[in-house]
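Comments concern the structure below.
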Amino acid sequence: MEPILTLESIHTFIGQFHILEGVSITVPRDSITVLLGRNGAGKTTTLKSILGLTPPRHGKVIFDGMEVQGKRAFDIANYGIGYVPEHRAVFRNLSVLENLKIAEKKRGDLDRKADFIFGLFPDLKRLYKLPGNHLSGGQQQMLAVARALVADNKLLLIDEPSEGLAPILIEQMMVAIKELSKTTTILLVEQNFIMASQLGEAFYIIDDGKTVENGKMADLVTNPELVKRYLGVDLGTAGGEK
């Protein structure tokens, strides 16, 4: 089956800085692929390059059989890509309901998805009238994910969903992402290696702006030397990045 997303040696600059220097990724349909790497390796820039927020200067981004590099971010999103950015980016002065409503691409999107979204995140149904700045960090993260679910998307790009969350909320987020993967393909950036290893079917490692390793997640968790070298994680002590 044709992959839903392929990056072919993309090079992305931010100002004068050459951030991505040849990132290649293939994301199979109906799967969770995890993008790994140390802080500053280029993971978030990779997601933004897919969406055209930091357009690649060289290389190809092929989504659902169509080259999308060079197209406007608005148009790329409309092709069916949802984005959950790092640091949540919730509209703090808007209510939960308003945060969800503005994510509609077509009138009635939220009504059609409400049962699914509130089934995944029941806290949001209970708190739907509260403004974003009255939510806890975990609730804001749930809202950020929920917002990407309002419209129909073929691919979700999720950046660091466990950042700043308590362990019990990380468990809830993992359950939600597993449930989401039944209906959409996910490309996940995650520093918490335990979470990444339990969710991901395939992995790519980016180091210094380049793709350096990839394969099945089941093989990566049995290769502590590789994990230590590129991620700084000691599988003997487990957990997030050191």
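The values are calculated or read from the model by the stated rules, or taken from the named source; none is laboratory data. Nothing here was measured: the structure is a model prediction, and the numbers come from that model. Positions of Cβ are backbone-derived with ideal geometry, glycine not excepted, and every protein chain shown enters the neighbour counts. Accessible surface areas use protein heavy atoms only, side chains included; no ligands, DNA or RNA. Shrake-Rupley method; radii C 1.70, N 1.55, O 1.52, S 1.80 Å.
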Practice problem: Specify which labelled value, from [x] 58, 43, 34; [y] 55, 35, 31; [z] 47, 43, 38, agrees with Cα extents along the principal axes in Å derived from the coordinates of the model shown. | Solution: [z]
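Return the loop-located GluC sites (Glu not before Pro) in region 166-242 (DSSP other than H, G, I, E, B) with at most 14 other Cβ atoms within 10 Å of their own Cβ; answer none if there are none.
Values: sites: Glu171, Glu179, Glu190, Glu201, Glu213, Glu225, Glu241; in loops: Glu190, Glu201, Glu241.
Those satisfying the criteria are Glu241.
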Practice problem: Give the accessible surface of the chain per residue, rounded to a whole number of Å², with probe radius 1.4 Å and ligands, DNA and RNA excluded. | Solution: 47
Self-check item: Note, ³J(HN,Hα) from phi for region 7-20, Karplus 6.51, -1.76, 1.60, rounded to Hz, x at Gly and Pro
Solution: 9, 10, 6, 7, 10, 10, 10, 10, x, 8, 8, 8, 7, 9
Practice problem: Rounding to the nearest 20 debye, state how big the charge dipole of region 37-108 is about its Cα centre with +1 on each Lys and Arg Cβ and -1 on each Asp and Glu Cβ. | Solution: 120
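How large, in percent, is the carbon and sulfur part of the accessible surface of region 36-122 at a probe radius of 1.4 Å? Show your work: numbers first, answer last.
Working: 2340 of 4600 Å².
Reported share for carbon and sulfur atoms: 51 percent.
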Exercise. For region 53-83 and region 186-202, compute the distance between their C-alpha centroids and round to whole Å.
Key: 23
Quiz item: Over the alpha carbons of region 145-242, what is the largest minus smallest coordinate on each principal axis, giving the biggest first in Å?
Solution: 40, 29, 23
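Report, to the nearest whole %, how much of the accessible area of region 132-242 belongs to carbon and sulfur atoms, 1.4 Å probe, protein only. Could you put the intermediate results ahead of the total?
Working: 2280 of 4540 Å².
Heavy-atom surface of region 132-242 belonging to carbon and sulfur, 1.4 Å probe: 50 percent.
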